[in-house]
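Written out below as C-alpha cells is the structure these notes cover.
The values are calculated or read from the model by the stated rules, or taken from the named source; none is laboratory data. Predicted, not measured: the structure shown is a model, and the values here were computed from it. Cβ: placed from backbone, ideal geometry, glycine included. Neighbour counts: every protein chain shown. With ligands, DNA and RNA removed, areas are computed over all heavy atoms of the protein, side chains included. Shrake-Rupley method; radii C 1.70, N 1.55, O 1.52, S 1.80 Å.
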Amino acid sequence: MAIPKEKVPRLKLGNKFKKLQIAPDNLEWHKIVKGESLEIIAKDHGWRLEDLFHHNWRTVNPLEVNWYLRKYVGCLNHDGKSYIFNGLEKPGMILVPKRAGFLLKGPGREVKVP
C-alpha cells in the first residue's frame, strides 16, 4: 500500500520534539499512545483539529500535516490515506494545551496550573 499523499511545506515551521526540550508557555508535550487519533487528542484537550495542526506545524493543509506526522512525529503505520498511531512512533510527541490543576516541573521551576 502506498504511503499517504503528502506535501513538503515551503517553510518548515513546525515544532519538532527534542529531548529535554521545554514546551512553549501554556502547552506541554504529549506522548502518542496506541488507539489515539489527532481528532481524539484535539477533543480531549478542548481544541479544534485545526488548532492542533496550527500549534504543532503552523499549517492546516492535510498534505503538509501528513509530511509532519512522518518526519517530525515518526509515524510509519497508515491506511493509505492518513497515518495511524500505534504507540511506537519515535519520538511520538505533539504539543497540547496544559491541563488545569497539574503540577508542571521544569529546570528550576515548579508551577501549579490554575
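May I ask you to list the residues in the range 32-56 that are of a type in the set (Asp, Glu) and either surrounded by fewer than 16 Cβ atoms within 10 Å (Cβ to Cβ) or free of Cβ contacts under 8 Å to residues at least 40 places away in the same chain (or both)?
Correct list: Glu39, Asp44, Glu50, Asp51.
Within the range 13-31, being touching a helix residue (DSSP H, G or I) at 6+ places or on another chain (Cβ under 6 Å) and of a type in the set (Gly, Ala, Ser) holds for one residue alone: Gly14. When Lys98, Lys105, Lys90 are checked against the criterion of being open to solvent by 30 Å² or more (accessible area, probe 1.4 Å), at pLDDT below 95 and touching an Asp or Glu at 6+ places or on another chain (Cβ under 7 Å), a single residue qualifies: Lys98. Name the single residue that is nearest to Asn26 (Cα to Cα) among those in the range 57-80 being open to solvent by less than 30 Å² (accessible area, probe 1.4 Å) and of a type in the set (A, V, I, L, M). Here the answer is Val73.
Residue pairs whose Cβ atoms lie under 7 Å apart, separated by 6 or more positions or on different chains, with the first residue in the range 12-31 and closer than 17 Å to Leu88 by Cα and at pLDDT below 85 and the second open to solvent by less than 50 Å² (accessible area, probe 1.4 Å) and assigned to a strand (DSSP E or B), are Phe17/Trp29; Phe17/Met93. Once the range 27-66 is narrowed to residues that are assigned to a helix (DSSP H, G or I) and among the aromatic types (Phe, Trp, Tyr), the residue that is farthest from Lys16 (Cα to Cα) is Phe53.
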